[in-house]
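Right, one structure below, let's go through it.
FYI, it's all coordinate maths here, none of it is from the lab. Everything numeric in this text was worked out from a predicted model, so none of it was measured. Virtual Cβ from ideal backbone geometry, glycine too; neighbours counted across all protein chains shown.
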Amino acid sequence: MNGYTHIVIGGLSAAIPIAISIAEKKLAFDISAQHAYYPLIGMLPALAGSLGPDIDLPNSKGGKAVRLFLKSSITFFGIASLGLAVYLCFIDNLIHPVNVLFPVLTVFVLLCLIRLLLPIAKHRRGTHSGLALLIIMLPILYIIGYMPDTTLTDVLFSIWVGFCIGWISHLLADTFNRKGVPWFYPLDKRHYHIANIVTGSKRERAFRNVCIVVFSAVYLAILLLA
Ligand SMILES: [Zn+2]
């Protein structure tokens, strides 16, 4: 599927928790005793995540967009880590570094790791596999298990969950594509698909429109049943 279709489906997917939050009249969902997901914060990362698996195509719209997103995020979190370290060392010794510096530094290291792994990826291989999805989702368990109970952690948690929602939506959408998705790579190198939609074809446009209608019906059902 092309980048536009992925962005649309990623956005539609991330809007489901937003619809639930509107129906339940609350801004966040409790994921564990300490951590909450804010669906509004997760929306933008979901759009980035929806292009994520195509990062292995350096010349595709998605590949370029995600590389730019990664580069700017690494710069932002790098400068933020450095600034926070200086602030905590020389200006403020009341805030415990583990509450502020630790989460920001963790995201910085994770983003750098993803950037380093990029050249290894080949299209529809590594980044489109279920294995890559599991690796991408690992930080969620890490945040729930080890990160301190702060608002900053909830914000980072929401960013990462949103990114994963987008990533999953990409793999599901590509499963309708003729090329399919190697869900079990590297154990099984076959590409699985449940439809034969060709990228950039009229059928892809129709598929996108059907998704918009189906998701809209889901939002409506959520709002009416609440
Ligand atoms: Zn793809």
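For Arg203, which of the numbered conditions (1) surrounded by fewer than 18 Cβ atoms within 10 Å (Cβ to Cβ); (2) touching a residue at least 60 places away in the same chain (Cβ under 8 Å); (3) more than 14 Å from the ligand (Cβ to nearest atom); (4) of a type outside the set (Ser, Thr, Tyr) fails to hold?
So Arg203 meets the others, but not (2).
Within the set of pairs 6 or more residues apart or between chains, which connect a residue that is touching a residue at least 12 places away in the same chain (Cβ under 8 Å) inside the range 173-197 to a residue that is polar (S, T, N, Q) and surrounded by 12 or more Cβ atoms within 10 Å (Cβ to Cβ) with Cβ atoms less than 6 Å apart?
Arg178/Asn196; Val181/Thr175; Pro182/Ser129; Tyr185/Ser129; His193/Thr175; Ile194/Thr175; Ile197/Asn177
So which residues in the range 178-192 are touching a helix residue (DSSP H, G or I) at 6+ places or on another chain (Cβ under 8 Å) and within 15 Å of the ligand (Cβ to nearest atom)? Full working, then the answer.
Of the residues in the range 178-192, the ones touching a helix residue (DSSP H, G or I) at 6+ places or on another chain (Cβ under 8 Å) are 180-186.
Across the range 178-192, the qualifying residues are Gly180, Val181, Pro182, Trp183, Tyr185.
Look through Ser13, Ser21 and report the one residue that is within 13 Å of the chain's Cα centre (by Cα), in a helix (DSSP H, G or I) and of a type in the set (S, T, N, Q).
Details: Ser21 fails: within 13 Å of the chain's Cα centre (by Cα).
After applying the criteria, what remains is Ser13.
Would you check which residues across the range 173-200 are of a type in the set (Gly, Ala, Ser) and surrounded by 14 or more Cβ atoms within 10 Å (Cβ to Cβ) and list them?
Taking the range 173-200 and keeping what is of a type in the set (Gly, Ala, Ser), we get 173, 180, 195, 200.
Of everything in the range 173-200, those that are of a type in the set (Gly, Ala, Ser) and surrounded by 14 or more Cβ atoms within 10 Å (Cβ to Cβ) turn out to be Ala173, Gly180.
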